[in-house]
Amino acid sequence: MCGFTGFVDASVTDRDPVIREMSSTIVHRGPDDDGYYIDEDVAFAFRRLAIIDLSHGDQPMHSQDEDLVLMFNGEIYNYRELRAELTELGRTFGTQSDTEVLLQGYQEWGEDVLPRLRGMFAFVVWDRRTRTLFGARDPFGIKPLYYQHNGAALLFGSEIKSFLPHPHFVKEVDVDLLPDYLSFEYVPSRRTLFRGVDKLLGGECFTFSEGRLDVRPYTSLDFDIDEEPTLEDWTSTIAETVSESVQAHRIADVEVGCFLSSGIDSSYITKEMSKTGSDIKAFSVGYDDSPLSELPYARDFAEKIDVRFQDRLITAEETFESFGRIQYLMDEPLPNPSALPLFFLTKDAAEHVKVVVSGEGADELFGGYNQYREPLDYSRYQKVPAPVRRAIGAVAERLPHFRGQRFLVRNAEPLAERFFRNNYVFSMDEREKVLARPVAAPSSASRTAPLFAKVADQDAVTQMQYVDIHTWMLYDILLKADKMSMAHSLELRVPFLDRKVWDVARRIPSRYRVTEENTKIALRRTALRELPERTANKKKLGFPVPLNGWLREERFASLVRERFASDEAAEFFDREYILSMLDTHLRGVDGYMKRIWSIYSFLIWHDEFFVQR
């Protein structure tokens, strides 16, 4: 686990001080060691967080013939099996690290090493003979890899902030993407709000040679439903596969802990971890005197399965004090409130362990979001011919106080247009009002339409999960998981996002994922074998934060008001409009917190990168 940065740019004459300054911006990702490689075309910088083969595995790592130079962020959980296979092919090893297995695997199989890898990874390999750079990101996109291609030069790295010291990097906000950010709370594409900076998507690789960048997919995450097994069959298969995945994710030469909330996902993973009988530590955070706090549930469960439980209470004061730091570490502005407790949770865990396992990915793979039940709730009305539904919806739209308006209006639209993530924060109409000046941008639905088109032959629940896996999970869930954990030099592993677990989840029929009554049907049935009924069937809370109430306290609302009234805010937003949203929220009107926090997050992010730095 680590962070890396570098560039291919022959025009930079004094590369050593540049690459060292770039490295200094991501020291939090790897405080244990640093390493460099520089030649006439390329400069590599690596920051190491030592997890496997602590005394060896230094990077950048050179192949035995010195032709290849590798930098690798992540873990390869099947590296021992791959090492044995490579040994049979005549290869010898000088370390016990997964890094060397990856390097020798690439040297033996080239790009074909990618489908053999089981793990989370982002890596680059420089071929000194052909002067070619190759890079890849794991299928789910667990580990990040950003790049900027500018003519004959390429910058690349684990975090965008590492590009800032490069003499040819031009820092600029891509205002064309602001409408996307306002609707989704992230940019739903490879582009970022730093103009010209892109990210490699999950399951992609690239080649850069003689100024030409070729980005391409090497795999895809596709559902392939199998109707034959029964629910009980799926339950047994899930139990066996998740248990094996958790054990694979325990591979480390340091202690591995767990994140534990009150929900099924982290509880199931923690229970599996506890089966080893070793002294497992579980970490959780909550809020004092808040009905949103999950600590009582988590503490009770930890006692039942006999793991050491460590928790802490988060205050509003420390949250607001740390928010600038959080947005800086995130690289891309992210207003998801769950990032706030995650920042403190990872900070506390890092004081005790170097690695944790967590439950990310279960909702997307097994159908955990309540919104996935919507197509089932709408199924009877959807039998009404579409022209009739559209006509009724048009009438209902003009009746704002009609009790069934939302149902009728949403049912007039096809799934790809009414998808709840499309207008997750601001609607199309409102985002035009909030911007300081018009920005020509396509509709939110058009951003996700290509994904819906790829799974048009699947049922509605599967379509929604597919789009979430390729957007929400990639651009939001995994972004904050990586950035908030590495902010404190903590490796976060996600056993549900494993290629063997995915191979099971992708085949489960939607009726075993979601019903009108519940979500994650098969996973909950599996968890009931190991967990108390109230834990296995507990309704999803997410990672709740009492932001709604905090933003109604004047001491915190005044911080937001100051930002909203600033000249910096006027550069992007209609100050009068956003201030009126805050005033409406303060009067006790619900429904504004998410929008207020989205704008505030952007302004804090902008201040961190474009004002303070």
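The values are calculated or read from the model by the stated rules, or taken from the named source; none is laboratory data. Just so we're clear, the structure is a prediction, and the values are computed from it rather than from any experiment. A quick note on method: Cβ atoms are made from the backbone with ideal geometry, for glycine too, and the neighbour counts reach across all protein chains shown. In case anyone asks, the SASA skips ligands and DNA or RNA and just uses the protein heavy atoms, side chains included. Shrake-Rupley method; radii C 1.70, N 1.55, O 1.52, S 1.80 Å.
Plainly put, region 565-613 has a radius of gyration that is 1.02 times its Kirkwood radius, both from alpha-carbon atoms, as the Rg/Rh ratio. For Asp253, nonlocal amide neighbours, meaning residues 5 or more places apart or on other chains whose placed amide H falls under 5 Å from its own, are Ile52, Asp53.
Summarising the label geometry, the points placed 7 Å from Cα in the beta-carbon direction at Arg511 and Glu571 lie 5.7 nm from one another.
Roughly what % of Cα-Cα distances in region 162-255 sit above 19 Å, to the whole percent? Of all Cα-Cα distances in region 162-255, 70 percent exceed 19 Å. Only Cα sites of region 307-407 enter the Debye sum here, all with the same form factor; the resulting log10 I(q)/I(0) across q = 0.21 1/Å is -1.17, listed in q order.
Sparse packing (at most 11 other Cβ atoms within 10 Å of the Cβ) combined with a DSSP loop state is found for the following GluC sites (Glu not before Pro) in region 1-86: Glu40, Glu66. From the alpha carbon centroid of region 12-39 to that of region 271-340 is 33 Å.
The length gained by stretching the chain between Arg190 and Glu21 to full extension, at 0.36 nm per residue less their Cα-Cα distance, is 58.2 nm. Pairs exceeding 27 Å between alpha-carbon atoms, taken from Lys433/Lys454; Lys480/Lys500; Lys347/Lys433; Lys304/Lys538; Lys161/Lys480; Lys171/Lys480: Lys433/Lys454; Lys347/Lys433. For the pair region 126-175 / region 448-462, the C-alpha centres are spaced 31 Å from each other.
Sorting the segments 506-518, 114-126, 474-486 by their mean number of nearby beta carbons within 10 angstrom, highest to lowest, gives 474-486, 114-126, 506-518. Taking label positions 7 Å along the Cα-Cβ direction at both Thr276 and Met428, the computed distance is 5.1 nm, reported to one decimal. Placing +1 on the Cβ of every Lys and Arg and -1 on the Cβ of every Asp and Glu, with nothing else charged, gives region 239-307 a dipole about its Cα centre of roughly 100 debye. Going through region 344-396, which trypsin sites (Lys or Arg not before Pro) have at most 15 other Cβ atoms within 10 Å and a DSSP loop state? Those that pass, being in a loop and sparsely packed, are Arg380. Semi-axes of the equivalent ellipsoid of region 26-178 are 28, 17, 16 Å, computed as sqrt(5λ) over the eigenvalues of the C-alpha gyration tensor in descending order. Give the shape of region 46-133 as rounded, prolate or oblate, defined through the alpha-carbon gyration tensor: a ≥ b ≥ c are the square roots of its eigenvalues, a/c under 1.5 means rounded, and otherwise the shape is prolate if a/b is larger than b/c and oblate if not. Rounded is the answer for region 46-133, as its axis ratio a/c remains below 1.5.
Of the GluC sites (Glu not before Pro) found in region 334-438, those in coil by DSSP whose Cβ has at most 15 other Cβ atoms within 10 Å are Glu351.
The residue among Phe72, Ala50, Leu86 whose Cα reaches farthest toward the positive pole of the charge dipole of region 34-96, with charges on the beta-carbon of Lys, Arg, Asp and Glu, is Ala50.
With 0.36 nm allotted per residue and the present C-alpha distance subtracted, the Lys383-His401 stretch has 3.9 nm of extension available. For the set Ile142, Ile392, the ranking by accessible area, highest first and with no ligand, DNA or RNA atoms included, is Ile392, Ile142 under a 1.4 Å probe.
Just so you know, the Cα atoms of region 247-383 work out to an Rg and Dmax of 17.3, 57 Å. Under 5 Å between amide hydrogens, built in the peptide plane, is the criterion, and for Glu204 it picks out Arg137, Tyr218 among residues at least 5 positions away or on other chains.
Taken one residue at a time, the phi angles of region 479-486 give Karplus couplings (6.51, -1.76, 1.60, θ = phi - 60°) of 4, 5, 4, 5, 5, 6, 6, 5 Hz. Gly and Pro are set to x. Take the Cα radius of gyration of region 475-582 and divide it by 2.2 N^0.38 Å, N being the number of residues; the result is 1.62. Count Lys and Arg as plus one, Asp and Glu as minus one, and take only other residues whose Cβ is under 10 Å from that of Glu413; the net charge is then +3. Taking the alpha-carbon centroid of each part, what is the distance from region 535-613 to region 466-523 in angstrom? Value for the Cα centre distance between the two parts: 27 Å.
The Cα-based radius of gyration of region 381-427, divided by its Kirkwood radius, gives an Rg/Rh of 0.98.
At full extension, Ala436 and Thr584 could sit 51.3 nm farther apart than now, given 0.36 nm per residue minus the alpha carbon distance. Quickly work out the Glu318-to-Asp253 label distance, labels modelled 7 Å from Cα along the C-beta direction, and quote it in nm with one decimal. Inter-label distance under the simple model: 3.3 nm. Looking at region 3-111 alone, DSSP beta bridges between its own residues are antiparallel in about 95 percent of cases. All distinct Cα pairs of the chain go into the 1/r average, and the inverse of that average, the Kirkwood radius, is 25.4 Å.
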